[in-house]
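Some notes on the structure that comes next.
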Amino acid sequence: MAEIIDGKALATQVLARTAEDVAQMIAAGAGAPGLAVILVGNDPASEVYVGRKIAQCRKAGIRSIEHRLPADTPQEQVLALIDALNADEEVHGILVQLPLPRHIDAALVLDRIDPGKDVDGFHPVNVGRLSTGTGGLVPCTPLGVMMLLDSVIDDYRGLNVVVIGKSNIVGKPVSMLLLEREATVTVTHIETRDLPDVARKADIIVAAAGAPHLVRGYWVKPGAVVIDVGISRVTDHDGVTRIVGDCATHELDHAKAVTPVPGGVGPMTIACLLSNTVLAAKMRAMKG
């Protein structure tokens with residue numbers, strides 16, 4: 001039977017370490033790190049995600065500052081808010097919840113965030129630093145993926161990794177993180193020819209295509225580690241709705257280890273967001 005990598009348990013450990021860091025910062029007179037969250041509109045999924053992030057901030061001792069704006073808020077107003085948060089010394093991290101309404105250019109908004117406060121790791125400066133291995137803030141989900149892998153893998157040198165999905169949020173950054181560990185990485189997507197054959201050569205599969213049960217059991221060689229980043233809502237024949245990942249986990253007993261959906265990568269994303277906020281505060285303090 002494949003080992004189930006418990007993302008909830010690992011996230012709890014990360015959050016506990018973050019809370020300790022915050023307590024030490026406060027004890028040293030630095031004050032608690034501040035995370036500003038901008039939510040434009042009332043997308044139901046975004047409301048849930050933001051609520052979870054704010055709740056975890058409170059548990060860790062991080063100050064959360066909410067900015068909830070109507071869906072018809074002009075783009076210029078959002079940019080002006082980011083400018084104000086960039087200049088606010090008590091704000092160490094800025095998170096713009098995606099997706100944004102159609103009339104707002106998400107790339108322009110994300111680029112406006114001070115790279116030192118970009119706790120999502122999406123700013124081109126942080127992307128460049130990641131690609132060159134020169135530090136910066138790393139996107140939360142790829143950072144969480146690496147922590148999950150570290151719980152079952154000691155040495156990545158020479159391992160074959162297949163990443164399914166080429167997004168800027170997961171696929172590309174996680175590939176760069178794995179390359180830094182001396183793994184041999186193949187980046188694929190749902191248009192890749194003979195994708196099952198490519199996947200079968202992998203020691204590690206990171207599935208982030210957003211395609212329910214794309215990765216079947218015969219795609220995975222015995223002893224491989226499978227990280228399932230995908231999350232989709234599907235409706236069964238009996239009308240019951242459930243959350244599933246990109247992998248048919250019930251077919252992966254022959255794998256070494258797999259992440260469940262839900263309860264795998266998801267909890268790690270929020271934990272890494274808070275960890276990034278503390279890191280951003282420390283980096284700002286070092287600059288004086």
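The values are calculated or read from the model by the stated rules, or taken from the named source; none is laboratory data. Everything quoted here is computed from the prediction, not taken from an experiment. Quick reminder, even Gly has a Cβ in these numbers, built from the backbone with ideal geometry, and neighbours come from all protein chains shown. The protein model used for the area step is the full one, side chains on, heavy atoms only, and it has no ligands, DNA or RNA in it. Shrake-Rupley method; radii C 1.70, N 1.55, O 1.52, S 1.80 Å.
Only one of the numbered conditions (1) free of Cβ contacts under 8 Å to residues at least 40 places away in the same chain; (2) farther than 30 Å from Ile227 by Cβ; (3) touching a helix residue (DSSP H, G or I) at 6+ places or on another chain (Cβ under 8 Å); (4) not aromatic (Phe, Trp, Tyr) is violated by Pro70, and that is (3).
For segment 101-121, filtering for residues that are of a type outside the set (D, E, K, R) and in contact with an Asp or Glu (Cβ under 9 Å, 6 or more places away or on another chain) leaves 4.
Among the residues of segment 54-68, the ones that are exposed (fewer than 14 other Cβ atoms within 10 Å of the Cβ) and either of a type in the set (Gly, Ala, Ser) or closer than 16 Å to Leu279 by Cα (or both) come to 1 in all. Only residues that are outside any helix (DSSP H, G or I), open to solvent by 40 Å² or more (accessible area, probe 1.4 Å), under 30 Å from Leu195 (Cβ atoms) and of a type outside the set (Lys, Arg): list them for segment 247-288, please. Asp253, His254, Pro262 - these are the residues of segment 247-288 that are outside any helix (DSSP H, G or I), open to solvent by 40 Å² or more (accessible area, probe 1.4 Å), under 30 Å from Leu195 (Cβ atoms) and of a type outside the set (Lys, Arg). On the basis of being under 19 Å from Lys256 (Cα atoms), part of a strand (DSSP E or B), β-branched (Val, Ile, Thr) and modelled with pLDDT of 95 or more, does Val226 make the cut? When the stated conditions are applied, Val226 passes them. Entry remark, segment 233-246: residues being surrounded by 22 or more Cβ atoms within 10 Å (Cβ to Cβ) and closer than 30 Å to Leu35 by Cα number 1 in total.
The residues of segment 13-26 that are open to solvent by 90 Å² or more (accessible area, probe 1.4 Å) and under 14 Å from Gly144 (Cα atoms) amount to a single one, Gln13.
Going by what's in this entry, would Ala255 be described as closer than 24 Å to Arg17 by Cβ and at pLDDT 95 or above? Steps first, please.
On the way: closer than 24 Å to Arg17 by Cβ: no; at pLDDT 95 or above: yes.
It is false that Ala255 is closer than 24 Å to Arg17 by Cβ and at pLDDT 95 or above.
The listed residues are Val174, Val127, Val161, Val152, and the only one of them that is within 30 Å of Met286 (Cα to Cα), open to solvent by less than 40 Å² (accessible area, probe 1.4 Å) and either in a loop (DSSP other than H, G, I, E, B) or modelled with pLDDT of 95 or more (or both) turns out to be Val174. Pull up segment 27-53, narrow it to residues that are open to solvent by 10 Å² or more (accessible area, probe 1.4 Å) and in a loop (DSSP other than H, G, I, E, B), then point me to the one that is nearest to Thr277 (Cα to Cα). Per the stated criteria, the residue is Ala32. The residues in segment 103-124 that are of a type outside the set (D, E, K, R), part of a loop (DSSP other than H, G, I, E, B) and either closer than 21 Å to Ser275 by Cβ or within 16 Å of the chain's Cα centre (by Cα) (or both) can be counted, and the count is 5. Taken as a whole, the structure leaves Leu100 outside the set of residues that are touching a residue at least 60 places away in the same chain (Cβ under 8 Å), part of a helix (DSSP H, G or I) and under 23 Å from Gly165 (Cα atoms).
Of the residues making up segment 237-253, those that are more than 24 Å from the chain's Cα centre (by Cα) and free of Cβ contacts under 8 Å to residues at least 12 places away in the same chain are His237, Asp238, Gly239, Val240, Thr241, His250. Only a single item in (1) surrounded by 15 or more Cβ atoms within 10 Å (Cβ to Cβ); (2) touching a residue at least 24 places away in the same chain (Cβ under 8 Å) is not met by Ile4, and it is number (1).
Okay, residues lined up against (1) more than 13 Å from Asp246 (Cα to Cα); (2) modelled with pLDDT of 95 or more; (3) of a type in the set (A, V, I, L, M, F, W, C); (4) open to solvent by less than 40 Å² (accessible area, probe 1.4 Å):
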residue	(1), (2), (3), (4)
Glu180	yes, yes, no, no
Ile190	no, no, yes, no
Asp194	yes, yes, no, no
Lys201	yes, yes, no, no
Val206	no, yes, yes, yes
Gly217	no, yes, no, yes
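Residues checked against (1) within 21 Å of Val40 (Cα to Cα); (2) open to solvent by 60 Å² or more (accessible area, probe 1.4 Å); (3) touching a helix residue (DSSP H, G or I) at 6+ places or on another chain (Cβ under 8 Å); (4) of a type in the set (D, E, K, R):
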{"position": "Gln97", "(1), (2), (3), (4)": "yes, no, yes, no"}
{"position": "Ile104", "(1), (2), (3), (4)": "yes, no, yes, no"}
{"position": "Val109", "(1), (2), (3), (4)": "yes, no, yes, no"}
{"position": "Ser131", "(1), (2), (3), (4)": "no, yes, yes, no"}
{"position": "Gly136", "(1), (2), (3), (4)": "no, no, yes, no"}
{"position": "Thr141", "(1), (2), (3), (4)": "no, no, yes, no"}
